[in-house]
1. For region 197-224, what are the residues that are touching a residue at least 24 places away in the same chain (Cβ under 8 Å), away from the ligand (no atom under 16 Å from the Cβ), among the charged types (D, E, K, R) and within 23 Å of E146 (Cα to Cα)?
2. Which condition number does R169 fail, the rest of (1) touching a residue at least 12 places away in the same chain (Cβ under 8 Å); (2) within 16 Å of the ligand (Cβ to nearest atom) being met?
3. Taking G60, is it of a type outside the set (A, V, I, L, M, F, W, C) and more than 11 Å from the ligand (Cβ to nearest atom)?
4. Residues to consider are N227, N232; find the one that is within 16 Å of the ligand (Cβ to nearest atom) and not β-branched (V, I, T).
5. Residues R507, R513, R548: which one is farther than 16 Å from F451 by Cβ, in a loop (DSSP other than H, G, I, E, B) and either among the polar types (S, T, N, Q) or in contact with an Asp or Glu (Cβ under 7 Å, 6 or more places away or on another chain) (or both)?
6. State whether the residues of region 173-196 include one that is surrounded by 15 or more Cβ atoms within 10 Å (Cβ to Cβ), assigned by TED's automatic domain parsing to the domain that holds I228, at pLDDT below 95 and more than 14 Å from the ligand (Cβ to nearest atom).
7. Inside region 446-488, can you point out the residues that are in contact with a strand residue (DSSP E or B) (Cβ under 6 Å, 6 or more places away or on another chain) and assigned to a strand (DSSP E or B)?
8. Restricting to region 243-259, and then to whatever is away from the ligand (no atom under 15 Å from the Cβ) and acidic (D, E), can you tell me which residue is surrounded by the fewest Cβ atoms within 10 Å (Cβ to Cβ)?
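The values are calculated or read from the model by the stated rules, or taken from the named source; none is laboratory data. Given the structure is predicted, the values throughout are model-derived calculations rather than measurements. Methodologically, a virtual Cβ is constructed for each residue, glycine included, from the backbone with ideal geometry; neighbour enumeration extends over all protein chains shown.
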Amino acid sequence: MERIVATCLVLTILATSTVTAAAEATAPGAPPEAIQHWRSLRFGMFIHWGPVSLTGHEIGWSRGRQTPIKEYDRLYKRFNPTKFDADAWVRTAKAAGMKYLVITTKHHDGFCLWPSEQTDYDIGETPFGRDVLKELSAACRAHGLEFGTYYSVCDWHHPAFPRGSPGGRTTKPTADLDAYDTYLRAQVKELVTNYGPLLVLWFDVPQVYTADYGVPMVKALRKLQPNIVINNRAYAARGRQRTVGDFTTPEQRVGGFDRDRPWETCMTICRQWAWKPDDRMKSLQQCVQILLHTVGGDGNLLLNVGPMPDGRIEPRQVHRLAEMGRWVKAHGEAIYGTRGGPFMPGKWGASTCKGSRIYLFVMDWPDEGPLKLPAIGAKIPHATSLGAGQASVEQSPDGVSVTVPEPHRDPIATVVELTVEGKAFAIEPVKVIHQSNSLAYGKKVTASNVFQKMVARHGPAMAVDDDPATRWATDAGTHEAWLEVDLSKPASIGRVMVDEATRFGGRRVRKFRLEARTDGAWQTVLEGTKIGRKFTKTFKPVTARRVRLSILEATDGPTLWEFQLFGK
Ligand code: H79
């Protein structure tokens, strides 16, 4: 009895401490209006810069790798970017259509781009000596851009941060996380008080800096500036990094469609974050399409440039950003202040919405015929194309067909504006399957057998939906089956594509026949043995309305990802 009481007591204590820990594990977020404001800007400039630009190697990892530590830590004595012109940088960002700017105030290498009172390893101790942050934040304000700061939590240089070069793979004998926390907090306070109000504080690579440190730090930060927007890397939270801070941070990739959790993709205009001579630069089309896929997924884009050691952004990058800006500004109403969807981004393109408008960014047209988008739960009484050209849009219960004559299309993205009844943002987002132009796509289809009669999940319609994630399946032990498509009117067919779902037990089909119904009788068009992945065959064209795939022999229940028919 006594033992049970004792156990209960322990449990109660545990439960209480768990509650405390949970309360400690989250810091207050930014007010919704602040997040909404940050989100409405949609496009910002990221800048990675420091003495490392003298070497042309990467800012995060070259210390102790490409450059010996001793040499790396002396680079700042030669850092003299006399051509630095904050105004020119901000004009470049503005010309690109960017609405905010975030700069590495301190990266993993520990060097500070402002004269910090907490260290001498900073811009104040270089031959240059000017306060880069002061000039840049002032230029941003002068040009109407918002200013934000990147601050690396990990610090390979600071003796108290437990990990060191190369790339955080060594441990320091002088490690003292409490002392480092004091340093970090004092530095962040300098950033907010001397260069604020800041739009964002963009933390990075917290490593050993856990919620025990990070949560009180963020709380203190919020006291200094309540509406600051903070990313999800302020502290390490194993397994739930996504829930930290105000937004998530897909890096070097466009994030997936997500309207619930704010997000921002960060990506480099070339390949490196810091400047690298002759680094490969993204094309204009890539740059704009990355932005469109991002906003179409309801995210922001922070596009990075690494200025040169003389203080200038590379002229070819300045030029690329200006080109980008011309396109972006011409279609600004479809980008800024919008939300992603309702048509989810994909190979076809992306969409955004605002008020009663939907903006389509069509990036990949079908070889022939209109772009077919799935049905949405709203009427579209009106459609026009933004920029030159005309668009015609037809809505039926099956979906929305969009046509823009080829000469009026834009190789970057053809922008079509749809007006809907009611609020466009209220429309349930829909996935857009990339269409093959198969004559069988979406047509009436029947089959001899469906796996466990699960028609909605494994019916024959799954083989003519062009969705590579769904399949027609038949019962285990099935050795013969057929699938028949009704094309709704006679069409000329000269090619077939059958994609067998081999993942579920290899190639099962051993003998098949393709038949077309002509003059009231079934006529064999093609005969074969194995099918497998993406079997394609052309044949002498036949005109028929009904086409049948007869599987005459299979080792087990046949199953197909897709069954597609083409004119030629
Ligand atoms: O500041 C930028 C990067 O320097 C920083 N985050 C963005 C915003 C960052 N620091 N660490 N990481 C990102 C994680 C990346 C690690 C890897 Fe690698 C880069 C894995 C492969 C390339 C370096 C080189 C480490 C291993 C190989």
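1. K219, R222 - these are the residues of region 197-224 that are touching a residue at least 24 places away in the same chain (Cβ under 8 Å), away from the ligand (no atom under 16 Å from the Cβ), among the charged types (D, E, K, R) and within 23 Å of E146 (Cα to Cα).
2. Single failed check for R169: (1).
3. No.
4. Just a single option satisfies the conditions, and that option is N232.
5. R507
6. Yes, because at least one residue in region 173-196 is surrounded by 15 or more Cβ atoms within 10 Å (Cβ to Cβ), assigned by TED's automatic domain parsing to the domain that holds I228, at pLDDT below 95 and more than 14 Å from the ligand (Cβ to nearest atom).
7. Listed by number, the residues that qualify are T446, A447, W472, A473, A481, W482, L483, E484, V485, D486, L487.
8. D258
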